[in-house]
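K.L.:
If you scroll down you'll find the structure; I have some questions about it.
FYI, it's all coordinate maths here, none of it is from the lab. What you see is a predicted model; the values in this text were computed from it and never measured. No Cβ is skipped: glycine too gets one built from the backbone with ideal geometry, and neighbour counts run over all protein chains shown.
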Amino acid sequence: MSLAVQSLKITSIEAARLWRDLQSTNDESEVDQILQSLWQAQTDGELLVDICADLADQIDAEMTAVKARMQHLIKIHQTAIEKLEQWRSRLDFTIVNLNEQGIINKELIGQQRRITVKENPPTCEILVDPSQLPKEYQRSQVKVYADKKAITEAWKRGIPVEGTHIYCQRRVVYGLLKSNNFQELQAQLPDDSTSAHYRRKPIS
């Protein structure tokens, strides 16, 4: 049994079952089907809220763990890559250095391979601020950026900006209750909010 399932079983058997079902598929439509079936089958609205919140917390925890493992592996492989790059660089440097000293020729012939020391195209290094160079050796580039913050502020004031589209994405927030009194919590909800139990509608 995975650690995620063990952790979820402490708070919710149903959430643990959902986790196993989700792990058994890689098809996005099947994932949607699994999640929607929960909302269609579960009759206890308050329990349904807890199940989904527990599942969301476990998904977040699993993502954090996977990302940490990934970063660790990247670090290990990056160290190996840097070591190999250093070996290759020193190999080239040794050959170039020996050629500059006149110890070996630019063209070296082996039994099956050939090594050639070539000069790259000229590289220009700028030692001063570009503004101090003669005008004929200066180039200026001006890039225009959209001020998204100003455009959004204008939209909030009812001023549409042609060529832009403002939209608000919805997000789901999972939190903990500060009170166990259900009636008290219901009274605190906005007018367009209510318990999942009383808002149940068929999911098409």
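K.L.:
What is the fewest-to-most order of GLU85, GLU125, GLU46, GLU14 by other Cβ atoms lying within 10 Å of their Cβ?
P.N.:
Lowest count first: GLU125, GLU85, GLU46, GLU14.
K.L.:
A follow-up question, please. What residue among GLN86, CYS124, ASN105 has its Cα farthest toward the positive end of the dipole of the stretch 3-132, where the charges are +1 on Lys, Arg and -1 on Asp, Glu, each on the Cβ?
P.N.:
In the stretch 3-132, that residue is ASN105.
K.L.:
Indicate the gyration tensor shape class of the stretch 3-132 (rounded, prolate or oblate), computed on the Cα atoms with a ≥ b ≥ c the square roots of the eigenvalues: a/c under 1.5 is rounded; otherwise a/b larger than b/c is prolate and the rest oblate.
P.N.:
Taking the square roots of the gyration eigenvalues as a ≥ b ≥ c, the stretch 3-132 is prolate.
K.L.:
With the crude spin-label approximation of a point 7 Å out along Cα→Cβ, what separation in nm comes out for ILE13 versus GLN101?
P.N.:
Distance between label points: 7.8 nm.
K.L.:
Among LEU177, LEU18, which comes first, second and so on when ranked by fewest other beta-carbon atoms within 10 Å?
P.N.:
Ascending Cβ contact count within 10 Å gives the list LEU177, LEU18.
K.L.:
Right, here's the next one. Only four residue types carry charge here, +1 at the Cβ of Lys and Arg and -1 at the Cβ of Asp and Glu. Report the dipole size of the stretch 3-132 about the Cα centre in Debye, rounded to the nearest 20.
P.N.:
Once rounded to the nearest 20, the dipole reads 1220 debye.
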